[in-house]
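The values are calculated or read from the model by the stated rules, or taken from the named source; none is laboratory data. Just so it is clear, the model here is predicted, and its values are computed rather than measured. Cβ placement follows ideal geometry from the backbone for every residue including glycine, while neighbour counts extend to all protein chains displayed.
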Amino acid sequence: MPDRVTSQLDPFSPEFRADPYAAYEELRGLGKVVYLEKHDIWCVHHYDTCQQVLTDYETFSNAGGGGIKNYFKEKPWRKPSIILEVDPPEHTRTRTVLSRALSPRVLRQIRDRFEVDAARMVAEAGAKGEIEGVSELTRPYPLKVFPDSVGLADADRDNLLIYGTMVFGAFGPTVPWYEEYMETHKDVPEWIIARCQRDALAEGGIGQMIYAAADEGKITEEEAMMLVRTFLSAGVDTTVDSIGLCLRALAEHPDQYAKLREDPSLARNAFEEATRYDSSSQSIFRTTLTECEVAGQKIGANEKVMCFLGSASRDGAHFEDPDAFDITRKIKGQIGYGVGIHGCVGQMFARLEAECFFQAFAQQIESVEVTGPTELRMHPGLRGLTKLPLKLTPKAA
Ligand code: HEM
């Protein structure tokens with residue numbers, strides 16, 4: 001009897017990334033824990049085993065790195081995140097600071113600005129009619145509202161996207177395009193660090209709230225800078241990609257879009273469903289601290305485990321009719337933002353940002369059609385679109 005189930009599937013290959021859902025189905029059919037030989041890593045891909053791994057932080061550590069690189073054995077490309085890539089007790093302290101900076105009170109204050117920006121950008125796109133949806137709508141919107149909320153100056157914000165590619169590109173194995181990209185944009189990490197300094201951040205923004213925690217002695221000045229860096233790493237590409245994928249799902253399911261158009265208050269739930277159905281964050285990693293067992297499979301210490309959130313979200317044992325896109329679905333146990341102590345600290349921010357966007361869209365746009373081939377971007381940490389050609393028909397005035 002072999003001591004483990006193995007697969008030759010390569011989650012970083014173009015074929016896998018083009019249609020991860022077929023690959024997930026194959027993996028779920030193979031067993032609860034599968035060894036991916038190509039990369040010498042384990043993976044879990046059912047709802048229950050992803051939950052188990054993500055909630056047991058004493059066994060499955062984040063300190064080994066957020067991507068495939070094992071920081072217990074290899075050097076990270078940058079100083080690791082002091083929230084995502086640490087375990088308790090360090091994690092508890094930094095997480096508390098970010099949770100406070102993203103409190104419901106703070107979100108209530110920024111809602112109006114999101115609504116105004118979303119309404120204006122959707123109106124401009126609607127007036128054009130035919131648009132390339134990513135570059136003209138689903139990218140500019142988060143790239144405006146997110147840095148505005150943090151308190152970043154206007155200039156050169158595209159650098160945030162370049163930095164996002166550096167951060168999420170490091171998630172996978174080192175490949176030539178990534179090394180070239182890092183070389184071409186080698187000044188960008190410095191630009192980011194400069195933007196994260198106290199005096200570069202506008203009064204009243206979330207960045208300054210993080211520095212206020214340093215003034216209270218809860219974190220050091222250096223840690224405040226690192227937490228602003230985390231914000232800028234985790235908060236842009238994720239929402240750009242998830243909003244883009246949600247818009248495509250709506251355009252490809254006219255019956256679902258009709259429901260949203262008739263009742264724009266469904267916007268938040270539509271995005272919740274898209275986060276389950278087809279989202280930016282398809283997988284995250286953990287590294288084992290000790291020998292352990294998952295669903296009867298022994299895993300040694302110091303091993304990488306890839307958790308496919310995108311597959312857990314399509315697991316029929318948890319979600320009824322999991323491959324259907326249904327914007328009225330009552331989702332119990334969303335796993336698209338992760339779970340446990342590292343579950344996305346920005347999830348309420350992301351939901352708010354998307355809700356304002358899709359509400360404005362449904363209020364103004366009668367119909368939306370995909371008019372040509374869409375393109376996926378190929379960097380390994382996130383799933384997202386680079387092209388989404390759309391025809392928008394505004395509602396009659
Ligand atoms: C739809 C958009 C988003 C998705 C799908 C998403 C997804 C995720 C996931 C899956 C994790 C868990 C990582 C892990 O357990 O290893 C995570 C963590 C995190 N996210 Fe998000 N995220 C989104 C938006 C945001 C935004 C807007 C922010 C900032 C405002 C943010 C900040 C963070 C941070 C700081 C962490 C680390 C939390 C911790 O380690 O305690 N995310 N996110």
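Quick notes on this structure:
- Boolean, A123 is in contact with a Cys (Cβ under 7 Å, 6 or more places away or on another chain) and either more than 30 Å from A267 (Cβ to Cβ) or away from the ligand (no atom under 11 Å from the Cβ) (or both): no
- Members of region 26-54 found to be within 16 Å of the ligand (Cβ to nearest atom), among the hydroxyl-bearing types (S, T, Y) and under 18 Å from E291 (Cβ atoms), listed by number: T49
- Residues within region 334-372 that are under 24 Å from G235 (Cβ atoms) and not in a helix (DSSP H, G or I), tallied: 10
- Residue match in region 327-339 (condition: within 16 Å of the ligand (Cβ to nearest atom) and of a type in the set (K, R)): no
- Applying the condition of being part of a helix (DSSP H, G or I) and out of contact with any Ser or Thr (no Cβ under 7 Å at 6 or more places or on another chain) to region 201-218 and asking which residue is farthest from R108 (Cα to Cα) yields D215.
- The set of residues in region 86-112 that are under 26 Å from V145 (Cα atoms) and part of a loop (DSSP other than H, G, I, E, B) comprises L102, S103.
- Of the residues screened, D321 is not one that is in contact with a helix residue (DSSP H, G or I) (Cβ under 7 Å, 6 or more places away or on another chain), surrounded by fewer than 21 Cβ atoms within 10 Å (Cβ to Cβ) and part of a loop (DSSP other than H, G, I, E, B).
- Matching residues in region 348-358 - criterion: being within 15 Å of A274 (Cβ to Cβ) and near the ligand (Cβ under 6 Å from one of its atoms): A350
- Selected residue (only one of T49, T55 is farther than 20 Å from L382 by Cα, in contact with a strand residue (DSSP E or B) (Cβ under 7 Å, 6 or more places away or on another chain) and either in contact (Cβ under 8 Å) with a residue 40 or more places away in the chain or surrounded by 23 or more Cβ atoms within 10 Å (Cβ to Cβ) (or both)): T49
- Condition met for I193 (of a type in the set (V, I, T) and part of a helix (DSSP H, G or I)): yes
- The residue that is surrounded by the fewest Cβ atoms within 10 Å (Cβ to Cβ), among those in region 383-397 that are modelled with pLDDT of 95 or more and in a loop (DSSP other than H, G, I, E, B), is K395.
- Among the residues of region 219-264, those that are part of a helix (DSSP H, G or I), crowded, with 24+ Cβ neighbours inside 10 Å and small (G, A, S) comprise A224, S242, G244.
- Criterion violated by A301 - all others in (1) away from the ligand (no atom under 16 Å from the Cβ); (2) closer than 19 Å to V86 by Cβ; (3) touching a Pro at 6+ places or on another chain (Cβ under 8 Å) satisfied: (3)
- Some residue of region 361-380 being more than 8 Å from the ligand (Cβ to nearest atom), within 22 Å of Y47 (Cα to Cα) and not charged (D, E, K, R): yes
- For region 265-293, filtering for residues that are part of a strand (DSSP E or B) and touching a Cys at 6+ places or on another chain (Cβ under 9 Å) leaves 4.
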